[in-house]
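The values are calculated or read from the model by the stated rules, or taken from the named source; none is laboratory data. The shown structure was predicted, so the numbers you read here are calculated from the model rather than taken from an experiment. Cβ atoms come from the backbone with ideal geometry, glycine included; neighbour counts cover every protein chain shown. Surface areas here come from the heavy atoms of the whole protein model, side chains and all, with no ligands, DNA or RNA. Shrake-Rupley method; radii C 1.70, N 1.55, O 1.52, S 1.80 Å.
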Amino acid sequence: MLTLEQVQSMLGDRNLRHVSNVSGLTYNTVWRIKHGTTKSVSYDSIKKLSDYLTGESAGIKKGE
């Protein structure tokens, strides 16, 4: 699983609306995580974004 900092970095210039739809998180949650404007981020949110960003949620392991 990625760290919060890794998730923020990997969100980079991604379409946050798409990330929101695929990850199951609200757009506002994804935006706040990316921009670091939230005081606390739940484990579940980081897990969902980490899975999306590494391809695990689609059954694709990194490096395959």
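A few comments on the model shown:
- Search result, residues across region 9-32 that are under 18 Å from GLU56 (Cβ atoms) and either modelled with pLDDT under 95 or open to solvent by less than 80 Å² (accessible area, probe 1.4 Å) (or both): MET10, LEU11, VAL19, SER20, VAL22, SER23, GLY24, LEU25, VAL30
- For beta carbons closer than 7 Å, sequence separation of 6+ or different chains, a first residue in region 21-36 that is free of Cβ contacts under 8 Å to residues at least 24 places away in the same chain and a second that is part of a helix (DSSP H, G or I) and open to solvent by 90 Å² or more (accessible area, probe 1.4 Å), the qualifying pairs are TYR27/ARG17.
- Condition met for SER40 (of a type in the set (S, T, N, Q) and open to solvent by less than 60 Å² (accessible area, probe 1.4 Å)): no
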